[in-house]
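The values are calculated or read from the model by the stated rules, or taken from the named source; none is laboratory data. Predicted, not measured: the structure shown is a model, and the values here were computed from it. In this analysis, Cβ positions are derived from the backbone assuming ideal geometry, glycine residues included, and neighbour counts consider all displayed protein chains. Accessible surface areas use protein heavy atoms only, side chains included; no ligands, DNA or RNA. Shrake-Rupley method; radii C 1.70, N 1.55, O 1.52, S 1.80 Å.
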Amino acid sequence: MRQTRGVREIHVIGIGAGDPDQLTLQAVKAMRSTDVFFLLDKGEAKADLTRLRRDMLDAHLPEGAYRVVEARDPERDRAAGGPAYSPAVGDWRSARADLYERMISEELDEDRTGAFLVWGDPALYDSTIGILEEVLERGRVAFAYDVVPGVSSVSALVARHRTGLSRVARPVQITTGRRLAEGFPEGVDDVVVMLDAHQAFRAYADQDVDIYWGAYIGTPDEILVSGPLAEAAPRIERLRAEARERKGWIMDTYLLRRRPAEG
Ligand SMILES: C[S@@+](CC[C@H](N)C(=O)[O-])C[C@H]1O[C@@H](n2cnc3c(N)ncnc32)[C@H](O)[C@@H]1O
């Protein structure tokens, strides 16, 4: 990033999907040039994910060399009052832009560098880049930003299963549980599903499909299951329910792979 005098700098840093060893050298370098870290999380996973980020900071930065500003993510707590950065009620996207704008202008001096530590890769189902663009468009606070890619949960999933994402010259689609519930995407045999709270894979258990499933990938709680969907689905359902009960939250991702037609 070009240093511009008097303009705040911001790193959007992908930190990997849960394993602290997935932090890249580029991410550590960016962290070391950061004065203020903005940590945003939501829901039940908040405490665990915030702790993981703080552990990463402790592991790679000298004590006292940085400041952390924690804020509530407006997505769920939009209407809640109270703590300093609880945003006003309203459209959550603009509520988030309000929050980011306020954090940057109030917590980051000009000439200083801030960073958002983003789960996985900032390019995948994450709104940090879009929100920073919206803040810039508003024009009330100026900053330059760059993006450090991270190991996504998709890369981590297939690596742990020792399989590939794509088959020779074939497309792959990454989608959400909600989309998968509307139907298996056309023209693709390899579909990665994220953000699935309802186990949409169950609808395809009668088809010739294999599943590669992972929960809490890269963390000590990691669970992996793979095999023909018909056999694996009930097992995943049981493990998922148990883990969710035990931890209070779950993050899982899976690859559905249609078996080639015989003959
Ligand atoms: C809001 S998206 C963020 C994705 C993230 N930017 C990435 O690159 O992985 C959250 C979804 O990512 C997936 N996910 C993230 N970390 C995971 C992990 N450690 N194990 C399994 N799934 C994970 C889950 O599907 C979860 O619902």
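Using 0.36 nm times the number of residues separating residue 105 and residue 163, minus their current alpha carbon distance, what extension gain do you get? Could you put the intermediate results ahead of the total?
Values: separation 58, 0.36 × 58 = 20.88 nm, distance 4.50 nm.
Separation in residues times 0.36 nm, less the Cα-Cα distance, equals 16.4 nm.
Kindly state, as a whole number, the per residue volume in cubic angstrom of the convex hull around the alpha carbon atoms of the stretch 5-74. Write out the running numbers ahead of the final one.
Working: hull volume 7.4 nm³, N = 70.
Value for the stretch 5-74: 106 Å³ per residue.
Work out how much length residue 230 to residue 32 would gain on full extension: take 0.36 nm times their residue separation and subtract the Cα-Cα distance, in nm to one decimal.
Details: separation 198, 0.36 × 198 = 71.28 nm, distance 4.78 nm.
That works out to 66.5 nm of additional length.
Grab the beta carbon distance between residue 127 and residue 242, set R0 = 30 Å, and tell me the FRET efficiency rounded to 0.05. Mind dumping the intermediate values first?
On the way: r = 31 Å, r/R0 = 1.03.
Efficiency, from the Cβ-Cβ distance: 0.45.
From largest accessible area down, sort 117, 136; use a 1.4 Å probe on the protein chains. Walk me through the numbers before you get to the answer.
Values: 117 10, 136 55 Å².
Solvent-accessible surface, decreasing: 136, 117.
Which cross-chain or sequence-distant (5 or more) residues have an amide H under 5 Å from the amide H of residue 10, H modelled 1.01 Å from N in plane?
Placed amide hydrogens put 114, 144, 145, 146 under 5 Å from residue 10.
PRE reach from residue 146 (point 7 Å along Cα→Cβ): which of the stretch 116-130 fall under 20 Å by backbone N?
Only 116-124, 128-130 pass the distance filter.
For the stretch 141-263, taking Cα atoms only, what is the radius of gyration to one decimal and the Dmax to the nearest whole Å?
Rg and Dmax of the stretch 141-263, Cα atoms, are 15.7, 62 Å.
For residue 259 and residue 188, FRET efficiency with R0 = 22 Å and r from the beta-carbon atoms, rounded to 0.05? Before the final figure, lay out the partial values.
On the way: r = 14 Å, r/R0 = 0.63.
Result of the calculation: an efficiency of 0.95.
DSSP beta bridges in the chain, what fraction antiparallel, as a percent rounded to 5? Kindly include the intermediate steps, with their values, before the conclusion.
Numbers: 18 of 43 bridges.
Here the share of antiparallel DSSP bridges comes out near 40 percent.
Within the stretch 146-164, list the residues whose amide N lies under 17 Å from a label point set 7 Å along Cα→Cβ of residue 24.
Counting backbone N atoms under 17 Å from the label point, the list is 146-157, 159.
Given Cβ point charges of +1 (Lys, Arg) and -1 (Asp, Glu) and nothing else, what value in debye, to the nearest 20, does the dipole of the chain about its Cα centre take?
Details: 36 positive and 44 negative charges, 27 e Å.
Value, rounded to 20: 140 debye.
Count neighbours as other Cβ atoms within 10 Å of each site's Cβ, and list the trypsin sites (Lys or Arg not before Pro) in the stretch 216-263 that are DSSP loop with at most 14 such neighbours. Could the numbers behind the result be given before it?
Details: sites: 235, 238, 240, 244, 246, 247, 257, 258; in loops: none.
Sparse-neighbourhood loop trypsin sites (Lys or Arg not before Pro): none present.
So what's the net charge close to residue 211: Lys and Arg +1, Asp and Glu -1, counting the other residues with Cβ under 14 Å from its Cβ?
Values: positive: 160, 202, 235, 240, 257, 258, 259; negative: 189, 190, 196, 206, 208, 210, 231, 237, 252.
For residues surrounding residue 211, the net value is -2.
Send over a whole-number figure in Å² for the accessible area per residue of the chain, probe 1.4 Å. Please list the in-between numbers first.
Details: 13500 Å² over 263 residues.
Heavy-atom SASA per residue in the chain reads 51 Å².
Of all accessible surface on the stretch 177-246 at a 1.4 Å probe, what whole percent is carbon and sulfur? Intermediate values should be presented prior to the final figure.
On the way: 1640 of 3690 Å².
Carbon and sulfur: 44 percent of the exposed surface of the stretch 177-246.
Taking only the alpha carbons of the chain, what extent do you get along each of the three principal axes, in Å, biggest first?
Here the Cα extents, ordered largest to smallest, are 67, 39, 35 Å.
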